[in-house]
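The values are calculated or read from the model by the stated rules, or taken from the named source; none is laboratory data. Because the structure is a prediction, the values reported are computed rather than measured. Quick reminder, even Gly has a Cβ in these numbers, built from the backbone with ideal geometry, and neighbours come from all protein chains shown.
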Amino acid sequence: MVARDLLGCILVRRDGTHVLSGRIVEVEAYTQNDPASHAFRGRTPRNDVMFHAGGVLYVYFTYGMHFCANVVTGPEGRGEAVLLRAVEPVEGIDVMRTRRNRPDIELANGPAKLCQAFDLGRAQNGLSLVGPEIQILPGRRILSKDIIRTPRIGITAGQERLWRFVLREKTPRRHRRFAAENE
DNA sequence: AGGGAGATTTTCT
DNA sequence: GAAAATCTCCCTA
């Protein structure tokens, strides 16, 4: 599964003036035959990018005020993506601080938070992940024993699928409880 | 430290 | 018209 491989990779974001980067520490997988997925009910204007061939970014607007970003992973027409839920800031932390105006632990430890920190919005929907603005680079090898698997967050259907993957180290604060239960 | 509620608007039924 | 792949504030301990 691609989701596991994204853990530990480095998300790089370049705009005209800044270079931001962060280590991916939490992701969720969504497939087409998955009732929790935007792709489940077919292709629409909103989720169109999710059906593109893999290697592009799918950014969607939700809850009337937030953006979330996904890595599209399927072949053309399939509707498959991995939601980026949290990164550990590496470069450009000062820029993230001004954009987020929150304690450092909360700069990018949630799907909408990292979009705000990295300035991902409608304009980035469909962008290539090998282009100048956004890249995902390999990071250090992650051992499967350092990956925690849990139900996905914020969904009502498909909870039986344990498709949320979190790096054991640097577990975001609100997931400490689950991590402890699985020691 | 943890839980609950409100915010706010797009999207599709 | 209802629900949404969420965040932040405010409350209680």
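So, of the residues in the range A:19-35 that are buried (at least 21 other Cβ atoms within 10 Å of the Cβ) and of a type outside the set (Val, Ile, Thr), which turns out to be farthest from the chain's Cα centre (by Cα)? Walk me through it before giving the result.
Going residue by residue through the range A:19-35, those that are buried (at least 21 other Cβ atoms within 10 Å of the Cβ) are A:20, A:22, A:24-30.
Narrowing the set further to residues that are of a type outside the set (Val, Ile, Thr) leaves A:20, A:22, A:26, A:28-30.
Working: A:20: 15, A:22: 11, A:26: 7, A:28: 7, A:29: 9, A:30: 11 Å.
Applying the filter and picking the extreme gives A:20.
Would you tally the residues in the range A:97-114 being touching a Phe, Trp or Tyr at 6+ places or on another chain (Cβ under 8 Å) and more than 14 Å from DNA strand B (Cβ to nearest atom)? Steps first, answer last, please.
From the range A:97-114, those touching a Phe, Trp or Tyr at 6+ places or on another chain (Cβ under 8 Å) are A:108, A:112; that's our starting set.
If we keep only those that are more than 14 Å from DNA strand B (Cβ to nearest atom) as well, we get A:108.
Within the range A:97-114, residues that are touching a Phe, Trp or Tyr at 6+ places or on another chain (Cβ under 8 Å) and more than 14 Å from DNA strand B (Cβ to nearest atom) number 1.
Tell me yes or no: at least one residue of the range A:51-67 is β-branched (Val, Ile, Thr), surrounded by fewer than 23 Cβ atoms within 10 Å (Cβ to Cβ), near DNA strand C (Cβ under 9 Å from one of its atoms) and under 20 Å from residue A:119 (Cβ atoms).
yes
Applying the selection to the range A:20-40, what residues are within 11 Å of DNA strand C (Cβ to nearest atom) and charged (D, E, K, R)? Working first, answer last.
Taking the range A:20-40 and keeping what is within 11 Å of DNA strand C (Cβ to nearest atom), we get A:26-32, A:34-40.
The answer is A:26, A:28, A:34.
Go through (1) in contact with a Gly (Cβ under 6 Å, 6 or more places away or on another chain); (2) away from DNA strand C (no atom under 13 Å from the Cβ); (3) more than 14 Å from residue A:128 (Cβ to Cβ) and name the single condition residue A:80 misses.
(2)
Among the listed residues A:16, A:42, which satisfies the condition of being part of a loop (DSSP other than H, G, I, E, B) and either surrounded by 19 or more Cβ atoms within 10 Å (Cβ to Cβ) or within 16 Å of DNA strand B (Cβ to nearest atom) (or both)? Talk me through it step by step, then tell me what you get.
On the way: A:16 fails: either surrounded by 19 or more Cβ atoms within 10 Å (Cβ to Cβ) or within 16 Å of DNA strand B (Cβ to nearest atom) (or both).
Going through A:16, A:42 in turn, just one is part of a loop (DSSP other than H, G, I, E, B) and either surrounded by 19 or more Cβ atoms within 10 Å (Cβ to Cβ) or within 16 Å of DNA strand B (Cβ to nearest atom) (or both): A:42.
Please go through the range A:84-108 and give me each residue that is hydrophobic (A, V, I, L, M, F, W, C) and either buried (at least 22 other Cβ atoms within 10 Å of the Cβ) or assigned to a strand (DSSP E or B) (or both), ordered by number.
The initial filter retains those residues of the range A:84-108 that are hydrophobic (A, V, I, L, M, F, W, C), namely A:84, A:86-87, A:90, A:93, A:95-96, A:105, A:107-108.
Matches in the range A:84-108: A:84, A:86, A:87, A:90, A:96, A:107, A:108.
Any idea how many residues of the range A:59-75 are within 12 Å of DNA strand B (Cβ to nearest atom) and either closer than 13 Å to residue A:127 by Cβ or not hydroxyl-bearing (Ser, Thr, Tyr) (or both)?
So the first thing to find is which residues in the range A:59-75 are within 12 Å of DNA strand B (Cβ to nearest atom), and the list is A:59-67.
Those still in the list that are either closer than 13 Å to residue A:127 by Cβ or not hydroxyl-bearing (Ser, Thr, Tyr) (or both) too: A:59, A:61, A:64-67.
Selection size over the range A:59-75: 6.
Where the second residue is within 7 Å of DNA strand B (Cβ to nearest atom) and outside any helix (DSSP H, G or I) and the first is at pLDDT 95 or above and lies in the range A:45-65, which pairs have Cβ atoms under 8 Å and are six or more apart or on separate chains?
Here the result reads A:58/A:47; A:60/A:46; A:60/A:47, each pair linking the range A:45-65 to a residue that is within 7 Å of DNA strand B (Cβ to nearest atom) and outside any helix (DSSP H, G or I).
Hey, residue A:95 hits all of (1) in contact with a Lys or Arg (Cβ under 6 Å, 6 or more places away or on another chain); (2) under 16 Å from residue A:15 (Cβ atoms); (3) β-branched (Val, Ile, Thr) but one; which does it fall short on?
(1)
Yes or no, residue by residue, for (1) touching a Ser or Thr at 6+ places or on another chain (Cβ under 7 Å); (2) over 21 Å from residue A:5 (Cα atoms):
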position	(1), (2)
A:38	no, yes
A:56	yes, no
A:77	no, yes
A:83	no, no
A:94	no, yes
A:104	no, yes
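Of the residues in the range A:66-83, how many are in contact (Cβ under 8 Å) with a residue 40 or more places away in the chain and assigned to a strand (DSSP E or B)?
Of the residues in the range A:66-83, the ones in contact (Cβ under 8 Å) with a residue 40 or more places away in the chain are A:66-71, A:73-74, A:78-83.
Filter once more, keeping what is assigned to a strand (DSSP E or B): A:66-71, A:81-83.
Here the count works out to 9.
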